[in-house]
Structure formats: structure tokens, C-alpha cells
Amino acid sequence: MRVLVVEDERRLALALRHGLSAEGFSVDVAHDGLSGLAKATERAYDVVVLDIMLPGLNGYRVCQRLRATGSDVGILMLTAKDGEWDEAEALDTGADDYLSKPFSFVVLVARLRALARRIGSRAPRRTVLGDLVIDSAARTCARGGVSVPLTPREFAVLDHLARRAGEAVSKREILDEVWDSGADSDPNTVEVHVSALRRKIDTPFGRAAVQTVRGAGYRLAADGG
């Protein structure tokens, strides 16, 4: 899942980026309302975590302008304010959910996943490729009815390949989608995770679903290998 965090408190924004990335989310960050609005309109996100008290343009206005463009991205308002009027205004301007600071990170992650389920992520909820079944909402993978445990990052790589099943996907695209877009990630990191996927979803089952496309990247076989 691709998430945009718009938060002017830099330590909190960094903590959210690291924490959500560890959970398998692809995270971008903006520190003011105008840059957050620009990122949200220039790139497709599943969910925007949006602080209300932002410099330049407050969260209410960012949300309002996003909805005015026809965007149906999930929006979770995050604020130090607490009270029914603030919550009502957030929802009235187009937010889908609301969470007051201080908050539990576990609850935030659960709400983001619930929000993605409600709005319907861009990926199919359940992808079936032969005997390989990938559930994007539950974040589970099974081969021939056997559950295959994956790390959050391994699942994110597999989920992205599954969205493009049968197509060649470059390492750079995988990096941009699965890792932070601003991170200086080594393409070899993708190779490591792809190798791990092969060891888990292919080798034990005598399959070859994860394929290398020379000069182009990787492809997940549309028939599950």
C-alpha cells in the first residue's frame, strides 16, 4: 500500500515513515500543506495521513481541495486537536477517518488497513494465479492451499508483481513502489527480496512463477508458474 504522510512535526513524520515502512507500506512524506497537496495530486496513493495544523495550507483545506479534484484517495486526519467539532469538520471536508494525538501506532496501522479495505485498494483484493493465491487486504499468501509466511517487504514486492502479472517490471519500478520514493535504495535489495520469494513460493512447490526478464526486471507468471 502506498501512503503519503503530511506532517509538519519532523520527528513524528520520520518515525511514521520508518514504522510504516517496516510494516510493508511504501511511504512518502511532506511537511506542509501545499507540498502535501502537490504530491497527492501528482502521484497515486492509497491513503493520505493528513495532519490538520499544517503551515501553508491546513489539513482541512488540503482535504477539501483533493475532493474538489475528484480524488477518492483514503484520508485519515491526524491532529493534536480533540473534540467533536474538529472531528465533524474533518469528516465534513471529506476525510474518511480521524485519529487524535497522542495515538497508538498499532491502532494507526489497523485503521490504515481498514480504511484501504473500505475504499477498495487499486489492487484486486484477492489475486489467483494458478494455485498461488495472494490476498492484498489480509496480506496473506498461499500456494496449493498451504500458507506461505512472508515478511512485510516480501509481501509488498509479491503484491506489486501480482498487480502486473505476466508483465516485466523493472527493479527501479519495484523500488519506487515498495520502498520510499526518496530513499537511495540499492537495486540489489530487490534481488535479495526476489530470491527470498523464490525460496518460499516456488522452490518448495516445484514452481517457477517468479521469472527474471533479462535487461527488463522480473515477471510473475500469470498462471502461477
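The values are calculated or read from the model by the stated rules, or taken from the named source; none is laboratory data. Since the structure is predicted, the reported quantities are computational estimates derived from the model, not experimental observations. Here the Cβ is made from the backbone with ideal geometry for all residues, glycine too, and neighbour counts use every protein chain on show. Remember, those area values only see protein heavy atoms, side chains included, never the ligands or the DNA or RNA. Shrake-Rupley method; radii C 1.70, N 1.55, O 1.52, S 1.80 Å.
Only one entry of Asp72, Asp8, Asp86 meets the criterion of being open to solvent by 10 Å² or more (accessible area, probe 1.4 Å), without any contact (Cβ under 8 Å) to a residue 60 or more places away in the chain, outside any loop (DSSP other than H, G, I, E, B) and acidic (Asp, Glu), and that entry is Asp86. Within the stretch 20-42, residues that are more than 16 Å from Phe105 (Cβ to Cβ) have Cβ atoms under 8 Å from residues that are open to solvent by 30 Å² or more (accessible area, probe 1.4 Å) and of a type in the set (Val, Ile, Thr) in these pairs: Thr41/Thr69, counting only partners at least 6 apart in sequence or on another chain. Checking Val47, Val62, Val3 one by one, the residue that is surrounded by 19 or more Cβ atoms within 10 Å (Cβ to Cβ), more than 26 Å from Ser136 (Cα to Cα) and in contact (Cβ under 8 Å) with a residue 24 or more places away in the chain is Val62 and no other. Looking across the stretch 11-44 at every residue that is part of a loop (DSSP other than H, G, I, E, B) and small (Gly, Ala, Ser), the one that is surrounded by the most Cβ atoms within 10 Å (Cβ to Cβ) is identified as Gly24.
Identify the residue in the stretch 128-146 that is at pLDDT below 85 and of a type outside the set (A, V, I, L, M, F, W, C) and, among all such residues, is least open to solvent (accessible area, probe 1.4 Å). Result: Ser136. Every test in (1) farther than 14 Å from Val49 by Cα; (2) open to solvent by 20 Å² or more (accessible area, probe 1.4 Å); (3) at pLDDT below 85 is passed by Ala80 save one, and that test is (1).
Scanning the stretch 161-184 for residues that are over 18 Å from the mean Cα position of the chain (by Cα) and modelled with pLDDT under 85 turns up just one, Asp184. Among the residues making up the stretch 147-159, a single one is at pLDDT below 90 and surrounded by fewer than 18 Cβ atoms within 10 Å (Cβ to Cβ): Pro152.
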